Amino acid sequence: MEQGEVRVWDPFVRIFHWLLVLLFTLAYVTGEKPLSLHVYAGYIVFGLVLLRLLWGVVGTPHARFGDFVYRPSRVLAYLKDTLGLRARRYLGHNPAGGAMILLMLASLLLVSVSGFAVYGIEKGAGPLAVLSGSPESLEEVLEEVHEFFANLMVLLVAVHIAGVVVESLIHRENLVKAMLTGRKRAPDDK
């Protein structure tokens, strides 16, 4: 570790992040062709999200939800400060980043569960195979829900990337590098 740096992101958070990037992208671009690849990527994404939810309760300090989940008023104030290029630097996730994590985890859960349901209806397989034989109208609704939350996730990812770029510029800190190495610049002691 270089002088003036502190470890912020533990290996689980970093591996989770990059595996999620890879597997969501794989599931999204494959669509349903081949279906098995799409389904297995979805299962792994779901498992990763469940592990992240657990890690948000018992994990390292900056991985815990208590470190980065703020009231909506604080998130809005932070966004306003960011637009004014005067946002406070956080060692862990900032209030907007924390809100984004919650939105992404919720979207991924809804993508996964709706995907399990569609797979259960269409193929009579998977954790929701009990839905096999359900009306076609239910399948159509669930497919729309699945596609909506998958597309919402793409939008959230784009906003997330824009936020990372803006924060990196405002604070003169490479946040992508931090998510690779786990280290960030030590807090300024004032």
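Miscellaneous remarks
- Carbon and sulfur %, accessible surface of segment 83-190 computed with the full protein complex present, 1.4 Å: 66 percent
- Between E143 and R7, the FRET efficiency estimated from the beta carbon spacing at R0 = 35 angstrom works out to 0.20.
- Comparing Cα centroids, segment 95-147 and segment 170-190 end up 36 angstrom apart.
- K80 paired with T181, simple spin-label distance in nm, labels 7 Å along Cα-to-beta-carbon: 3.6 nm
- For the chain, modelled as a GNM whose springs connect Cα atoms under 10 angstrom apart, the maximal fluctuation among L105, L83, L19 occurs at L83.
- Convex hull of the chain built on C-alpha atoms - directionally averaged projected area, nm²: 12.2 nm²
- Accessible surface, per residue, of the chain when the full set of protein chains is kept, probe 1.4 Å, Å²: 58 Å²
- Helix 136-171 axis versus longest C-alpha principal axis of the chain: approximately 10°, rounded to the nearest ten.
- Where Rh is the Kirkwood radius over Cα pairs, Rg/Rh for segment 70-172: 1.19
- Between helix 72-83 and the chain there is an angle of about 60 degrees, using the helix long axis and the longest principal axis of the Cα atoms.
- Seen from a random direction on average, the alpha-carbon convex hull of segment 1-59 projects onto 4.9 square nanometres.
- Long-range lysine pairs (8 or more apart or interchain), the chain, Cα under 27 Å: 5
- Rounded to 10°, Cα long-axis angle of helix 35-58 versus longest principal axis of the chain: 40 degrees
- Theoretical gain in end-to-end length, S36 to S132 [0.36 nm per residue, Cα-Cα removed]: 32.8 nm
The values are calculated or read from the model by the stated rules, or taken from the named source; none is laboratory data. Everything numeric here is computed off the predicted structure, so don't read it as measured data. Methodologically, a virtual Cβ is constructed for each residue, glycine included, from the backbone with ideal geometry; neighbour enumeration extends over all protein chains shown. The protein model used for the area step is the full one, side chains on, heavy atoms only, and it has no ligands, DNA or RNA in it. Shrake-Rupley method; radii C 1.70, N 1.55, O 1.52, S 1.80 Å.
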